[in-house]
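One structure is given here, and the rest of the page talks about it.
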Amino acid sequence: MKNNMSTLVTGGNGLVGSTLECDLRVGSEFDLRNPIICDRLFKKEKPVNVIHCAAKVGGLGGNMNKKGEFFYDNIMINTNVIESCRKNGVVRLVCFLSTCVFPDSATYPLTTSQIHLGEPHNSNYPYAYAKRMAEVQIRAYREQYGLNYVTVIPTNIYGPNDNFNLDGGHVIPSLIHKCYLAKKNGTEFRVWGSGKPLREFIFSKDVGKLTEWVLDNYNDVEPLILSTSKEVPIKEVVDLIVKHIKFMGVVVWDYDKPDGQFRKPSDNSELMSLLPNFEFTSLDEGLKETIDWFVDNYETCRK
Ligand code: GDP
């Protein structure tokens, strides 16, 4: 990073946090849901920059089964972190939102002007509203306190250090783990839904590079969408995972499991106008690196 001031990353051991250069990364050892613990951390460390990645996250499974927890944990974490930044003189805050903030009825491609124009998808509205409120809090703090805090909206991130939980994880890490086990145990590889839904995936290290650029250069109140704007069917992800894991068995499509939103393409034109030469890692390369990491760290990784 150009700006050499001390940087604190929340969610520092996670998918994006672990890719960021910083002076201090905090993970689950600090319960950021608690305002006293959160503020104590900021008073002690006195960061100048904060990259706020911490969140209680999950894919379709986790979000649908723990709605109350997802709302409480996320709204508390975000509210406390943003307020602690303000109270303790943090100069730059980059706060992570998610594409689930958009209304279910949004018109495609997703643009930031639509964030508050309707209910989020029913499968993850508690998480989505908590993230929307982070955008509101930052906008309000910019207006009242003149703080140069910004938000980013990445599409589906994947990479090393993800949560590879079989039921509560996002689609890529869950499927990597499922395919790995299917190969190891000689069983079928069961995938949720029809394989037809489309998603835009972005490699965690690309998000890390973009975030460091945002910290140094992006000053706008509008959330910045971090996306390749390249839609990929889940079926293609499955084919690539099967290829890299060298799984020879049968892939079963479990139609009883939800497909979720069919598609949610996003508009990355603002990002591309700011960084026209940015080169995204291909899904094939990113998946290979993620799978190699998962296999090497199978015993200790989050799952
Ligand atoms: P979303 O992008 O927020 O909807 O959530 P996910 O990242 O969990 O992606 C969900 C898409 O992947 C849906 O179409 C699911 O049906 C499909 N999918 C297939 N297998 C799995 C799986 O094992 N876990 C998850 N989370 N999704 C899966």
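Side notes on the structure shown:
- Less than 5 angstrom separates the built amide H of residue 12 from those of 26, 27, all sequence-distant by 5 or more or on a different chain.
- With the simple model of a label 7 Å out from the Cα in the direction of the Cβ, residue 219 to residue 239 spans 4.7 nm.
- Between the C-alpha center of the stretch 204-230 and that of the stretch 98-176 there is a gap of 14 Å.
- Among 274, 110, 226, residue whose mean-square fluctuation peaks in a GNM of the chain (springs only between Cα atoms under 10 Å): 274
- Summary of the geometry: the stretch 23-43 and the stretch 250-285, compared by the centres of their Cα atoms, lie 32 Å apart.
- Gain on full stretching of the segment that runs from residue 69 to residue 250 - 0.36 nm per residue minus C-alpha separation: 61.6 nm
- Relative to its residue count, the stretch 160-216 spans a Cα convex hull of 101 Å³ per residue.
- Linear extension gain, residue 143 paired with residue 259, 0.36 nm per residue minus alpha-carbon span: 37.8 nm
- Cross-link pairs beyond the 31 Å C-alpha cut-off, checked among 67/184; 178/209; 43/264: 67/184; 43/264
- Contact order normalised by residue count of the stretch 94-245, Cα under 8 Å, 6+ apart, percent: 26 percent
- Per residue, the chain exposes an accessible area of 45 Å² to a 1.4 Å probe, with every protein chain left in place.
- Extending 7 Å from the Cα toward the beta-carbon at both residue 40 and residue 277 defines two label points whose distance is 4.8 nm.
- Each peptide in 215-225, 277-287 gets a packing score, the mean of other Cβ atoms within 10 Å over its residues, and the list from highest to lowest is 215-225, 277-287.
- The stretch 1-144: Rg to Rh, with Rh as the Kirkwood radius over Cα pairs: 0.97
- Folded to 0 to 90 degrees: helix 35-45 orientation relative to the chain principal axis, Cα: 70 degrees
- Residue ranges 163-170, 73-80 sort as 73-80, 163-170 when ordered by packing (mean number of other C-beta atoms within 10 Å per residue, highest first).
- Using the Karplus relation 6.51 cos²θ - 1.76 cosθ + 1.60 with θ = phi - 60°, the per-residue 3J(HN,Hα) values for the stretch 16-25 come to 8, x, 5, 8, 8, 6, 6, 8, 8, 10 Hz, with x marking Gly and Pro.
- Three-way shape call for the chain based on the alpha-carbon gyration tensor, with the a/c threshold at 1.5: prolate
- Between the Cα long axis of helix 283-296 and the first principal axis of the chain there is an angle of about 90°, rounded to the nearest 10.
- Based on the Kirkwood approach, the hydrodynamic radius assigned to the stretch 193-303 is 16.3 Å, with every pair of different Cα atoms included.
- Most to least packed among 36-47, 193-204 [average Cβ atoms within 10 Å]: 193-204, 36-47
- Ranking by accessible area, most exposed first, for 91, 81 with a 1.4 Å probe: 91, 81
- Each Cα pair of the stretch 121-247 feeds into the Kirkwood radius, which the Stokes-Einstein equation turns, at 20 °C and 1.002 mPa s, into a diffusion coefficient of 127 µm²/s.
- Crossing angle, helix 171-185 versus the chain [Cα axis fit, 0-90 degrees, rounded to tens]: 40 degrees
- Residue 293 paired with residue 21, simple spin-label distance in nm, labels 7 Å along Cα-to-beta-carbon: 1.8 nm
- Checking every one of the trypsin sites (Lys or Arg not before Pro) in the stretch 212-270 against DSSP loop status and a limit of 10 other Cβ atoms within 10 Å picks out 246.
- Potential extension, residue 300-residue 105 segment - 0.36 nm per residue separation minus Cα distance: 66.2 nm
The values are calculated or read from the model by the stated rules, or taken from the named source; none is laboratory data. Since the model is a prediction, treat every value here as computed from it, not as a measurement. Please note: Cβ atoms are built from the backbone with ideal geometry, for glycine as well, and neighbour counts cover all protein chains shown. Heavy atoms of the whole protein, side chains included, go into the accessibility calculation; ligands, DNA and RNA do not. Shrake-Rupley method; radii C 1.70, N 1.55, O 1.52, S 1.80 Å.
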